[in-house]
1. Scan the range 21-69 for residues that are surrounded by fewer than 14 Cβ atoms within 10 Å (Cβ to Cβ) and assigned to a helix (DSSP H, G or I) and jot them down.
2. Restricting to the range 8-20, what's the tally of residues that are out of contact with any helix residue (DSSP H, G or I) (no Cβ under 9 Å at 6 or more places or on another chain), closer than 22 Å to residue 85 by Cβ and in a strand (DSSP E or B)?
3. Suppose we filter 50, 104, 45 for residues that are farther than 21 Å from residue 9 by Cα and either in contact with a helix residue (DSSP H, G or I) (Cβ under 9 Å, 6 or more places away or on another chain) or at pLDDT below 95 (or both); which single one remains?
């Protein structure tokens, strides 16, 4: 393979509100932290361990305005983009590096309220057999709805 690939796909929860920065030419940039979790059982202590990784997400122009309007802290979102490292100087003149995900596509998955409601519901209900509940549709950020019960062979 002669080419290269810089692609990131994340599903996580917003760690804060979207912070917007507007420019004179009419463009804008939105930034927010995204948390992803890895959970496993420790072999030594037999306890569940959760590690959280934080990602700096950068969204531009119209996409940034949509994120600012509809996303809030705790919401679950799918982010697709590419890695970009920036070099900058802090107040004391020390060179710093920051790695960000430049978002190219996103899908809103659940709000914080829906996530909390589903967690409470799943704790209080009994276990359902596999295959009894199937999502009817998946909504994308383009307001397109894909029906998963269609007759396509694949």
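The values are calculated or read from the model by the stated rules, or taken from the named source; none is laboratory data. Keep in mind that what you see is a predicted model, and the values were worked out from it rather than measured. For neighbour counting, all protein chains shown are included, and Cβ atoms are generated from backbone atoms with ideal geometry for every residue, glycine included.
1. 61, 62, 69
2. Qualifying residue count for the region: 4.
3. One residue alone meets the criteria, 45.
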